[in-house]
1. Taking the residues in the stretch 160-204 that are more than 27 Å from N25 (Cβ to Cβ) and buried (at least 17 other Cβ atoms within 10 Å of the Cβ) as candidates, determine which candidate is farthest from the chain's Cα centre (by Cα).
2. Inspect all residues belonging to the stretch 55-72 and state whether any of them is in a loop (DSSP other than H, G, I, E, B) and charged (D, E, K, R).
3. So, restricting to strands (runs of 3 or more DSSP E) that lie completely within the stretch 78-186, which ones have at least 2 residues that are in contact with a Phe, Trp or Tyr (Cβ under 9 Å, 6 or more places away or on another chain) and of a type in the set (A, V, I, L, M)?
4. Name every residue in the stretch 41-54 that is in contact with a helix residue (DSSP H, G or I) (Cβ under 8 Å, 6 or more places away or on another chain) and assigned to a helix (DSSP H, G or I), in order of residue number.
5. Six or more apart or on different chains, Cβ under 9 Å: which pairs go from a residue in the stretch 195-210 that's free of Cβ contacts under 8 Å to residues at least 12 places away in the same chain to one that's surrounded by 12 or more Cβ atoms within 10 Å (Cβ to Cβ)? Could you list them?
6. Can you pull out every residue in the stretch 279-319 that is among the hydrophobic types (A, V, I, L, M, F, W, C) and outside any loop (DSSP other than H, G, I, E, B)?
7. Out of all the residues in the stretch 23-37, is one or more more than 22 Å from E182 (Cα to Cα) and either at pLDDT 95 or above or touching a strand residue (DSSP E or B) at 6+ places or on another chain (Cβ under 9 Å) (or both)?
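The values are calculated or read from the model by the stated rules, or taken from the named source; none is laboratory data. These numbers come from a predicted model, not from an experiment. Cβ placement follows ideal geometry from the backbone for every residue including glycine, while neighbour counts extend to all protein chains displayed.
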Amino acid sequence: MSKPKAAIYWCASCGGCEEAVVDLNEFILDVVAAVDIVFWPVALDFKTDDIKKLADGEITVSLINGAIRTSEQEEISKLLRQKSKFVISFGSCSHLGGVPGLANFFDKNSIFQRAYIETESTVNPKKIVPKTKSENKGCELELPEFYNTVLPLNKVIEVDYYIPGCPPTPDVIKNALIALLENKLPQKGSVLTLNKALCEACERKDTKPDKVLIKKFNRTYEVIDNGKCFLEQGIICLGPATRTGCGAACIKANMPCRGCFGPTDNVLESGSKILSAIASIIETNDEEEVKKVIETIPDPAGLFYRYSLPSSIISRRLK
């Protein structure tokens, strides 16, 4: 009896999700024994044509990590969707847009201008930037198109399930794969981890008073107290608007949550949710004082939408 086929593909991300698969340690041997990996370009020498030759739906599951930034990523994702029974959005960038999605505060031209011309270490007197097509010594060279907007995977193809995290933790990956192999998957469209806020599972929750009131926001290096609720210290923590299941790794390292597991099912807009939570703890109703308190938040947009901008209602900045 042939084993179920699996594919892993890397779009716009840092590569941490690929490392997360390796972090399964000994369990990865069980995975390799249970499935036939037919596509994993970062680790094994497979070609796109190998996938094109497969029948539609022949791949049991494709794990696709990273946001969609280029035409090649969109093309391969659509091909894997066609050939797969299940597609799992793997990691924050694929799930929500992730850190690459912060590029949606800019556009393609301004990104190229900064990256290839304006950076302090760049020497580019001819101001050459990448082009989709160019000629060199009579040969036409072609690069994938760099899109103006970063998209989460589910805005390009239909996604069956989501594994959250930056990167996903080994336990979350392991439990999801076991559910898949044992045919015990939940309702289609589910995020394959716990559906409750991180604050509910936080080991510091008992130190949080019934009503938190602060007069300014602090950076972690200024006041951090190991073991005490971050919000009570005036340190912004996205735990109230973020799904748990990560093992609270950042909290255990004495750092506040930054939202990589995304919102719970009952949160429509994670950025707005945390903004609402933060606004409720400011100890003043005076408009001018509120402005001064808000000014103590470094990079509010990048903080509240660090992982979720492309999947938010806002989606991107418009000119």
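1. Among those that are more than 27 Å from N25 (Cβ to Cβ) and buried (at least 17 other Cβ atoms within 10 Å of the Cβ), it is R204.
2. Applying the first criterion (in a loop (DSSP other than H, G, I, E, B)) to the stretch 55-72 yields 55-58, 66.
So of that shortlist, the ones also charged (D, E, K, R) come out as 56, 58.
Yes, the stretch 55-72 contains at least one residue that is in a loop (DSSP other than H, G, I, E, B) and charged (D, E, K, R).
3. Numbers: elements: 84-90, 133-136, 139-142, 146-151, 161-163.
In the stretch 78-186, the matching strands (runs of 3 or more DSSP E) lie at 84-90.
4. Correct list: T48, I51, K52.
5. D206/C229
6. Passing the criteria: A279, I282, V290, V293, I294, A301, L303, F304, L309.
7. First, pick out the residues of the stretch 23-37 that are more than 22 Å from E182 (Cα to Cα): none.
Checked against the condition, which is being more than 22 Å from E182 (Cα to Cα) and either at pLDDT 95 or above or touching a strand residue (DSSP E or B) at 6+ places or on another chain (Cβ under 9 Å) (or both), the stretch 23-37 yields no hits at all.
Results for (1) aliphatic (A, V, I, L, M); (2) part of a helix (DSSP H, G or I); (3) modelled with pLDDT of 90 or more, shown as yes or no for each residue.
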residue	(1), (2), (3)
G189	no, no, yes
C199	no, yes, yes
E203	no, no, yes
N226	no, no, no
I251	yes, yes, yes
